[in-house]
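To keep things clear, I will list the structure first and then write my remarks on it.
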Amino acid sequence: MKSTLHIRGPFGPFDDPLLYLRFYYTGRAILFDLGELDGFAPRDLLRITDVFVSHAHMDHFAGLEKLLRLHLHRTPILNIYGPDQFLDRLEGRLSGFTWNLTHGYPLIIAGYETDGRVLRKASFSADQGFRRRNLDVRPWKGTLLNEKAFRVTGEILDHGTWCLGFRFEEKFKVNINTGELKKLGLLPGPWLTGFKDAILRGEPPLKRIKARGTAGPVELTLADLDGIYHRTRGHVIAYVVDAADTPGNEKKILNLAKNADLLYIEAAFSIRDGELAEQRNHLTAQRAGQLASQAGAARTRLIHLSPRYQGFESHLVDEARDGAAGKVRVEAGWKETKI
Ligand SMILES: [Zn+2]
């Protein structure tokens with residue numbers, strides 16, 4: 001299955017946790033957690049349209065200003081989601097600057113928070129000095145963002161405070177039937193990228209596509225091309241950070257990571273420091289491995305290791321492998337990846 005996503009986690013095991021997903025077809029990106037963003041090129045940060053913040057501890061939310069500075073002059077809407085009381089945190093951060101010169105700037109931040117029952121929305125417009133405007137309150141059943149090509153859902157985990165865990169699901173993948181392509185007198189080529197993109201964006205059937213035919217370029221509608229592709233299961237990626245090891249959290253984490261192709265999960269402490277993990281409402285590496293295995297994840301990457309284990313990160317990876325009991329590929333790398 002060809003990858004449609006560029007995936008980047010934190011740059012190292014001790015860095016602030018985050019997950020950056022860029023869609024190859026549209027160039028757009030979404031971000032999970034907003035800690036230190038050093039290491040990202042401005043052009044990559046400018047692709048971000050939606051940010052999902054697990055909770056407002058500094059290591060998950062300190063990068064807001066960097067993102068804001070880049071988007072301030074260029075972006076019309078930036079959506080930011082977080083757990084209960086997140087809108088107060090966002091408002092507090094935005095009110096920490098003077099905005100008398102931003103009249104006419106395009107940026108509107110659409111902020112969302114959920115307490116597990118409702119989703120509250122507020123907007124903060126650069127033109128109005130980022131003054132908070134409370135908008136609607138809707139019942140919430142777990143979905144944060146639902147688009148034609150993918151959805152993001154969340155669960156509220158207990159970390160001594162609320163912490164959102166996330167599940168990203170592509171709704172489908174577009175696979176080309178080369179036999180049908182031939183029958184229509186068409187040749188494969190870069191035009192298929194534009195075709196797939198149009199399907200993923202949910203363009204209407206009369207949308208015209210420039211295709212490559214055996215007799216030269218030809219323009220066809222999506223309806224004409226209906227037979228050249230079929231849909232298959234899309235990828236699932238889960239992102240779980242900062243959660244106490246409780247039965248309630250276990251159930252929710254398993255829900256988030258169920259049959260995931262890739263699970264990013266915190267492994268803050270070694271099992272040897274299990275007591276500390278309990279006090280700080282974090283998981284151990286072994287537990288992270290167990291949860292990945294129980295959830296039926298195919299691959300997992302450990303993130304958010306405590307800096308006390310600098311130089312010993314491979315021990316934590318080993319502990320997670322013990323926990324996973326050979327049922328999940330526990331990856332020791334922190335570089336960008338594909339699924
Ligand atoms: Zn935390």
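Quick check on segment 9-19. Is at least one of its residues away from the ligand (no atom under 16 Å from the Cβ) and either outside any loop (DSSP other than H, G, I, E, B) or touching a Cys at 6+ places or on another chain (Cβ under 7 Å) (or both)?
no
Restricted to segment 240-251, and to residues that are touching a residue at least 60 places away in the same chain (Cβ under 8 Å) and within 16 Å of the ligand (Cβ to nearest atom), which residue is surrounded by the fewest Cβ atoms within 10 Å (Cβ to Cβ)?
Taking the candidates together, the pick is T246.
Within segment 213-244, track down each residue that is more than 30 Å from I7 (Cβ to Cβ) and of a type in the set (K, R).
none
Go through segment 100-125 and give me each residue that's buried (at least 18 other Cβ atoms within 10 Å of the Cβ), more than 16 Å from L67 (Cβ to Cβ) and among the hydrophobic types (A, V, I, L, M, F, W, C).
Result: L119, A122.
Of everything in segment 148-157 that's surrounded by 13 or more Cβ atoms within 10 Å (Cβ to Cβ) and more than 13 Å from the chain's Cα centre (by Cα), which residue is nearest to the ligand (Cβ to nearest atom)?
My answer is L157.
Go through the residues of segment 90-105 one by one and say whether even a single one is under 19 Å from the mean Cα position of the chain (by Cα) and either within 22 Å of A238 (Cα to Cα) or modelled with pLDDT of 95 or more (or both).
no
What number of residues within segment 284-338 satisfy the criterion of being touching a Pro at 6+ places or on another chain (Cβ under 7 Å), farther than 21 Å from I253 by Cα and surrounded by 19 or more Cβ atoms within 10 Å (Cβ to Cβ)?
Total meeting the criteria: 1.
Within segment 25-40, track down each residue that is at pLDDT below 95, at negative phi and away from the ligand (no atom under 15 Å from the Cβ).
If the condition is that a residue be at pLDDT below 95, at negative phi and away from the ligand (no atom under 15 Å from the Cβ), then Y25, T26, R28, L37, D38, F40 are the ones that fit.
Given the conditions (1) touching a residue at least 24 places away in the same chain (Cβ under 8 Å); (2) over 25 Å from L94 (Cα atoms), report the number of the one that D44 does not fulfil.
If we test D44 against (1) touching a residue at least 24 places away in the same chain (Cβ under 8 Å); (2) over 25 Å from L94 (Cα atoms), just (2) comes out false.
If the requirement is being closer than 15 Å to V53 by Cβ and in the same structural domain as D50 (by TED's automatic domain parsing), which of these qualifies: L101, L135, L90?
Values: L101 fails: closer than 15 Å to V53 by Cβ; L135 fails: closer than 15 Å to V53 by Cβ.
Only one candidate qualifies: L90.
Mind listing whichever residues of segment 253-283 are of a type outside the set (D, E), surrounded by fewer than 19 Cβ atoms within 10 Å (Cβ to Cβ) and assigned to a helix (DSSP H, G or I)?
Hits for segment 253-283 are L254, N255, I271, R272, G274, L276, Q279.
Name the single residue, out of those in segment 158-215 being away from the ligand (no atom under 16 Å from the Cβ), in a loop (DSSP other than H, G, I, E, B) and under 23 Å from the mean Cα position of the chain (by Cα), that is surrounded by the fewest Cβ atoms within 10 Å (Cβ to Cβ).
G202
Within segment 1-43, which residues are acidic (D, E) and more than 14 Å from the chain's Cα centre (by Cα)? Give the steps one after another, and end with the answer.
Of segment 1-43, the ones acidic (D, E) are 15-16, 33, 36, 38.
Passing the criteria: D15, D16, E36, D38.
Being part of a loop (DSSP other than H, G, I, E, B) and over 21 Å from T337 (Cα atoms) is the filter here, so list the residues in segment 284-313 that pass it.
If the condition is that a residue be part of a loop (DSSP other than H, G, I, E, B) and over 21 Å from T337 (Cα atoms), then S306, Q310, G311, F312 are the ones that fit.
Looking at (1) modelled with pLDDT of 90 or more; (2) among the small types (G, A, S); (3) away from the ligand (no atom under 16 Å from the Cβ), which is the one condition that is false for A268?
(3)
Give me a count of the residues in segment 68-79 that are within 18 Å of the chain's Cα centre (by Cα) and either in contact (Cβ under 8 Å) with a residue 40 or more places away in the chain or crowded, with 21+ Cβ neighbours inside 10 Å (or both).
1
The values are calculated or read from the model by the stated rules, or taken from the named source; none is laboratory data. Since this is a predicted model, take the numbers as computed values, not measurements. Backbone-built Cβ (ideal geometry, glycine too); neighbour counts: all protein chains shown.
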